[in-house]
Amino acid sequence: MSLMRSEDYLPRPAVIQKIIAENSQIKTFVLALADQQANQAFTYRPGQFMMVSLPHRGEAPISFSSTPTRPGTIELSVRRAGSLTAAMHALQAGDQVGLRGPYGRPFVMEDLQGRDLLVVAGGIGLAPLRSVINGCLDTPGHGKLTILYGSRVPSDIAFRGDIDIWQHHPAVTCHLTVDAPEPGWDGPVGLVTGLLGQVKVDPASSTALVCGPPVMIAAVLTALGKMGFADEEILTTMERHMKCGIGVCRHCHLDSKLVCVDGPVFSRAQLKKLQMDRL
Ligand SMILES: Cc1cc2nc3c(=O)[nH]c(=O)nc-3n(C[C@H](O)[C@H](O)[C@H](O)COP(=O)(O)OP(=O)(O)OC[C@H]3O[C@@H](n4cnc5c(N)ncnc54)[C@H](O)[C@@H]3O)c2cc1C
Ligand code: FES
């Protein structure tokens, strides 16, 4: 277990540069550390998270939705869930939040280099995968990217600016689906697992990355196994309630692992060794 130092809990002030409303529930906060020198030096890896805080409102882990290949600011996409996130949604550009981190084990971009990627996301789960996708597209030598994204309804589809770019990118295939249609929607209706049968991917040369609600993750991991993906080549992120974010409080335990330091990124092979039979 890590030793606790009081400075580990000290949030650094960060200034909101811009707020992008992704849908009625999700806002992306474009942030820069108030200390310009620290902001210049700040770096992180896709899949990692920051502990974000507001005085008297609490603190919560939020994944990077931006990519370190575009330095200068960081982006955190926040779904309104409770006390802290509702308070964040009321903030304006120029306001400040507290940031600790970056924390957690990332997606190892070097391992993904040159492999084809199958990205399967549901809802806010696209946030950490957006970091991977845009990081890959910024890096020469990337493989093909196939993106499957499921939303509850068409008006819930987040990151529309990125999706538009991905749908026009020669190396990317991007399919969307919704649980329920709305007027004007002529795309697929149904679970994101339904799209898996329609894509052409070679499991031998591909890595799958999966983020979304736990029920979706379980169904997608099983389907990917049946498609022939090796357990080591199926990567996902786990969510648990967190307090410290640095391996001290044990709030985030997942069987014998701590999600904040052993995760949040795990392979299916790693999860199968834990008491998580359904995965
Ligand atoms: C590693 C990690 C990365 C995350 N990345 C993002 C992100 O990029 N964007 C985003 O919007 N959210 C993300 N989350 C979830 C986010 O941390 C929670 O929604 C947050 O705790 C909400 O804080 P709050 O004070 O607004 O809500 P609270 O008042 O704490 O809770 C609101 C509701 O959410 C439930 N809840 C809180 N935390 C969790 C959790 N970890 N798992 C399941 N249910 C929970 C509570 O039980 C309650 O029902 C992430 C969580 C983890 C562990
Ligand atoms: S949040 Fe404290 S040990 Fe993980």
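The values are calculated or read from the model by the stated rules, or taken from the named source; none is laboratory data. Since the model is a prediction, treat every value here as computed from it, not as a measurement. So basically every Cβ, Gly included, is an ideal-geometry build from the backbone, and we count neighbours across all protein chains shown. For accessibility, only protein heavy atoms count, side chains too; no ligands or nucleic acids. Shrake-Rupley method; radii C 1.70, N 1.55, O 1.52, S 1.80 Å.
A few points about this structure:
- Within the stretch 97-118, the set of residues being within 17 Å of Ser65 (Cα to Cα) and crowded, with 19+ Cβ neighbours inside 10 Å comprises Val97, Leu99, Arg100, Gly101, Pro102, Tyr103, Gly104, Pro106, Phe107, Met109.
- One residue stands out in the stretch 119-140 among those that are among the β-branched types (Val, Ile, Thr) and under 14 Å from Thr69 (Cα atoms): the one that is most open to solvent (accessible area, probe 1.4 Å), namely Thr139.
- Out of Gly197, Gly184, sole residue that is free of Cβ contacts under 8 Å to residues at least 12 places away in the same chain and open to solvent by 30 Å² or more (accessible area, probe 1.4 Å): Gly197
- Here the condition is being in contact with a helix residue (DSSP H, G or I) (Cβ under 6 Å, 6 or more places away or on another chain), modelled with pLDDT of 95 or more and within 25 Å of Cys211 (Cβ to Cβ); of Ala21, Ala60, Ala14, Ala32, it holds for Ala60 alone.
- Scanning the stretch 40-69 for residues that are more than 16 Å from ligand 2 (Cβ to nearest atom) and part of a strand (DSSP E or B) yields Leu54, Phe64.
- Taken as a whole, the stretch 232-251 holds no residue that is among the aliphatic types (A, V, I, L, M) and without any contact (Cβ under 8 Å) to a residue 24 or more places away in the chain.
- Strands (runs of 3 or more DSSP E) wholly inside the stretch 70-139 containing at least 2 residues that are small (Gly, Ala, Ser) and touching a strand residue (DSSP E or B) at 6+ places or on another chain (Cβ under 8 Å): 96-103, 116-122
- Within the stretch 229-259, the only residue that satisfies the criterion of being open to solvent by less than 50 Å² (accessible area, probe 1.4 Å), small (Gly, Ala, Ser) and more than 10 Å from ligand 2 (Cβ to nearest atom) is Ala230.
- Residue check, Pro61 away from ligand 1 (no atom under 14 Å from the Cβ), open to solvent by 30 Å² or more (accessible area, probe 1.4 Å) and not hydroxyl-bearing (Ser, Thr, Tyr): no
- Yes/no for Pro213 being closer than 20 Å to Gly263 by Cβ, open to solvent by 40 Å² or more (accessible area, probe 1.4 Å) and not aliphatic (A, V, I, L, M): yes
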